[in-house]
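Reviewing the structure listed below.
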Amino acid sequence: MNPTLLAQQILNGLAIGSVYAIFALGYTLVFSILRIINFSHGAVFTLGAYFTYLLTGSAINPNGQLARLFGGLFGQPALPLKLPFILALLGGAALAGLMGIVIERLAFRPLRERGADPLLALVSSLGVAVALVNLIQYFFGAELYSYPANPFGALPAAINFSGEGGPPIIVRTIQVIIFGVSMVLVVLLTLFINRTKTGKALRAVSEDPITSSLLGIDTDRLILVTFFLSSFLGGIAGALIGLSVSIAGPYFGIAFGLKGLAVIILGGLGDIPGAVLGGLVIGLGEAFVPAQYVAYKDAVAFALLFIVLLARPQGLLGRALVQKV
Amino acid sequence: MAAFINTYGFLITSMVLAAALGLSLYLPLMAGQLSLASPGFYALGGYIAAVMSTRLFPSTDGTYPLPLVLLEMLVAAVASGVLALIVGLPALRLRGIYLALATIAFVEILRVLSLNLPILGGAVGIFGIPQPFKSQVEYLWIALPLLLLAMFFVYRLENIRMGRAFVAIREDELAADAVGINPTYAKVLAFTLGAILAGVVGAVSAHFLNTWNARQGTFDASVNYLAFVLIGGSRTFVGPVVGGMALTALPELLRAAAGIDGLPSWLALFLREGRLILFGLLIAIGTVFFPQGLITPNLLRRWFGRRRATKSPPLPDKHVTQE
């Protein structure tokens, strides 16, 4: 493989891998507090993409019920506002975050209060995911949506660096933005967890929920904060992927949701640096699948997941769990 | 009655097959193993039947001979069983959520493979699978005995040594190990039995659905089967059967409800277009309000109390007289 191609693949891998990372951080946050995998995270990812799309003031396909609703309210099948993309991204993610709180109240808290088997939370969150995906289909239709072209105004769509005698390295502006936004979020999240009082409380709850609630930490509020953050990250990931390729319909978060599971297992469940590392490893791994096997790309993450589970179930960075009797 | 069967024949057979799939997930769960691998074996069985009936025994005109379907079911059972052993031996060292994730990965890997192997027809899949029966409701001739056999098998299993070993492992694997149960053997056995059942159901379904593609073995299917078991009840084999039937019928019931005269048009539209929204919400709400599932052993004991009571052995007289 020549060096320019290598550089190009690394670049592509890092861009997609960084989105995997922030998406998987959403799973990790919830898992570290509740020891539960929130299977509706993939649906929240999709929601984030659609919310951001709405906030950019783009039109809804007439097949979606929302088009009729907006038509009645505003006389056009779109919201009467056109936010700049970065604001729409944050707004969409915040709405996804609020949805995370709703999901917590609906699917997780009632089970927790009844002291039910943690596996049931898996099923109830899957139920919520089914409902959300079909709500999206109901309101937006099953069509493919693309964000408005050229969301960054004057910035060029891509920059070509000429390679030495080979094809040029193409750096898409979107890739740079995706990577930049993701890394900023990872840094902010790390600072939040390590430097703030709420972050300290989160770490305490993830270490031992009962003791920390005895020490006066409001566990219930922290769980809400966790779900908000988790869904915020999931929503941003969805919007970024939607920006990079397009929103391929209500189901496009499901496959991504599964891949996110591979990422957190690879990195170690409930481990923040692990999730970031896992995301980048899977992103790079997929970028290096040779072109003739590209149809098998989707299997890479799961093959890695399977192998890691068998060889090192605690993940790349995780600590081995000790079975307590 | 004939009109009813014509309209709902497909649904009734689907319900019976879904009940059997619920049981296929219940079997590993009996031994406490949350495996979501059933759709993988279901897809495998279906592909075996589809390839055998379209390539190996090219259709003579008219109906497809029933013995060949039984042969396909047998091949599907053997293939699923062997694959389950190969996957299960390493994978069942994992517990709880880790095992669930490993089995999700297994299903996804199989799905990508089936999308890309030329003999399996790519994304379009295999269609025009020959029919052994003239109408879909006649598939009950296979599906119903299959379900009843599986139910009887699991019912017996719950009362023999190996079945009790499964339950012991579900309750506490370390303790079961300590009293001399071989957990690995029992877990792999439970997993393999579930896989065989799923593979056989797949072979029937391929004929029943007439077409087979990679969409049969997806994560969505894993979720559905898990919902069959957990909504129906995971502590008795009656649960997954009831759950599978109820959850398969539910979207159709919602569709039928949309057709009731006199509903406001927005409600009818919502019931028709948005019935999967309600389906998802019902799963979530059902989990919250029936954490044990709809059918629990206690409930069965209340319904069939007398019959169950006589089955427990009477106390030995010795203890009473030895005061």
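General observations
- Residues that are assigned to a helix (DSSP H, G or I) and either at the interface with chain A (Cβ under 7 Å from one of its Cβ atoms) or exposed (fewer than 15 other Cβ atoms within 10 Å of the Cβ) (or both), drawn from the stretch B:116-126: B:ASN116, B:PRO118, B:ILE119
- Residue within the stretch B:212-226 that is over 30 Å from B:ARG301 (Cα atoms), open to solvent by 50 Å² or more (accessible area, probe 1.4 Å) and away from chain A (no Cβ under 14 Å) present: no
- Per-region count, the stretch B:82-105, residues open to solvent by less than 10 Å² (accessible area, probe 1.4 Å) and more than 10 Å from chain A (Cβ to nearest Cβ): 3
- Here is the figure for the stretch B:166-210: residues that are open to solvent by 10 Å² or more (accessible area, probe 1.4 Å) and either of a type in the set (Gly, Ala, Ser) or touching a strand residue (DSSP E or B) at 6+ places or on another chain (Cβ under 6 Å) (or both) total 4.
- The lone exception for A:VAL289 - which of (1) open to solvent by less than 60 Å² (accessible area, probe 1.4 Å); (2) in a helix (DSSP H, G or I); (3) more than 10 Å from chain B (Cβ to nearest Cβ) it fails: (2)
- One residue stands out among those in the stretch A:130-142 that are open to solvent by 10 Å² or more (accessible area, probe 1.4 Å) and touching a Phe, Trp or Tyr at 6+ places or on another chain (Cβ under 7 Å): the one that is nearest to the other protein chains (Cβ to nearest Cβ), which is A:VAL130.
- Yes/no for B:PRO65 being surrounded by fewer than 22 Cβ atoms within 10 Å (Cβ to Cβ) and over 19 Å from B:ILE196 (Cα atoms): yes
- Condition check for A:LEU309 on (1) within 14 Å of chain B (Cβ to nearest Cβ); (2) open to solvent by 20 Å² or more (accessible area, probe 1.4 Å); (3) touching a helix residue (DSSP H, G or I) at 6+ places or on another chain (Cβ under 7 Å); (4) closer than 26 Å to A:ILE33 by Cα: one failure, at (2).
- Taking every residue in the stretch A:278-302 that is of a type outside the set (Lys, Arg) and pairing it with any residue that is part of a loop (DSSP other than H, G, I, E, B), at least 6 positions away or on another chain, the pairs with Cβ-Cβ distances below 7 Å are A:GLY278/A:LEU316; A:TYR296/A:VAL289; A:VAL300/A:VAL289.
- Residue match in the stretch A:212-224 (condition: more than 13 Å from the chain's Cα centre (by Cα), under 16 Å from A:GLY26 (Cβ atoms) and surrounded by fewer than 20 Cβ atoms within 10 Å (Cβ to Cβ)): yes
- Residue check, A:PHE256 part of a helix (DSSP H, G or I), under 25 Å from B:ARG95 (Cβ atoms) and within 14 Å of chain B (Cβ to nearest Cβ): no
- Checked against the criterion of being of a type in the set (Val, Ile, Thr), within 13 Å of chain A (Cβ to nearest Cβ) and surrounded by fewer than 20 Cβ atoms within 10 Å (Cβ to Cβ), the candidates B:ILE277, B:ILE285, B:ILE260 yield just one match: B:ILE285.
- Residue in the stretch B:179-193 that is under 12 Å from the mean Cα position of the chain (by Cα) and either over 22 Å from B:SER114 (Cα atoms) or within 13 Å of chain A (Cβ to nearest Cβ) (or both) present: yes
- Listed conditions (1) open to solvent by less than 40 Å² (accessible area, probe 1.4 Å); (2) more than 14 Å from every other protein chain (Cβ to nearest Cβ) are all met by A:ALA262, apart from (2).
- Going through (1) more than 9 Å from chain B (Cβ to nearest Cβ); (2) within 20 Å of the chain's Cα centre (by Cα) one by one, A:PHE302 falls short only on (1).
- Of everything in the stretch A:93-124 that is buried (at least 18 other Cβ atoms within 10 Å of the Cβ) and of a type in the set (Val, Ile, Thr), the residue that is modelled with the highest pLDDT is A:ILE103.
- Look at (1) in contact with a Ser or Thr (Cβ under 8 Å, 6 or more places away or on another chain); (2) assigned to a helix (DSSP H, G or I) and you find that A:LEU269 fails only one, number (2).
- Options B:ILE129, B:ILE142; residue that is among the hydrophobic types (A, V, I, L, M, F, W, C), part of a loop (DSSP other than H, G, I, E, B), more than 12 Å from chain A (Cβ to nearest Cβ) and over 22 Å from B:ASN224 (Cα atoms): B:ILE129
- Filter pass, A:GLY127 being open to solvent by less than 50 Å² (accessible area, probe 1.4 Å), within 14 Å of another protein chain (Cβ to nearest Cβ), more than 18 Å from the chain's Cα centre (by Cα) and without any contact (Cβ under 8 Å) to a residue 40 or more places away in the chain: yes
- Wholly enclosed helices (runs of 4 or more DSSP H) of the stretch B:2-99 bearing at least 3 residues more than 22 Å from B:ARG215 (Cα to Cα) and free of Cβ contacts under 8 Å to residues at least 60 places away in the same chain: B:2-30, B:66-91
- Qualifying residues in the stretch A:1-56 (those that are over 18 Å from the mean Cα position of the chain (by Cα), more than 14 Å from every other protein chain (Cβ to nearest Cβ) and not aliphatic (A, V, I, L, M)) - the one most open to solvent (accessible area, probe 1.4 Å): A:PRO3
- Residues of the stretch B:241-257 classified as within 13 Å of chain A (Cβ to nearest Cβ) and of a type in the set (Gly, Ala, Ser), total: 1
- Meets criteria (of a type in the set (D, E, K, R) and in a loop (DSSP other than H, G, I, E, B)) for B:ARG215: no
- Failed item, numbered, when B:PHE208 is tested on (1) in a helix (DSSP H, G or I); (2) at pLDDT below 90: (2)
- Inclusion of A:GLY235 among residues that are open to solvent by less than 80 Å² (accessible area, probe 1.4 Å), modelled with pLDDT of 90 or more and either closer than 22 Å to A:TYR50 by Cα or touching a Leu at 6+ places or on another chain (Cβ under 8 Å) (or both) is warranted.
- Filtering A:PHE45, A:PHE39 for residues that are in a loop (DSSP other than H, G, I, E, B) and in contact with a helix residue (DSSP H, G or I) (Cβ under 9 Å, 6 or more places away or on another chain) leaves a single hit, A:PHE39.
- Odd one out for B:GLU108, checked against (1) farther than 14 Å from B:ALA206 by Cα; (2) more than 12 Å from chain A (Cβ to nearest Cβ); (3) among the acidic types (Asp, Glu): (2)
The values are calculated or read from the model by the stated rules, or taken from the named source; none is laboratory data. On a predicted model such as this, the values are computed, not experimentally measured, just so you know. Every residue, glycine as well, gets a Cβ built from its backbone with ideal geometry; the counts of neighbours run over all protein chains shown. What goes into the accessible areas is simple: the full protein's heavy atoms, side chains included, and nothing from ligands, DNA or RNA. Shrake-Rupley method; radii C 1.70, N 1.55, O 1.52, S 1.80 Å.
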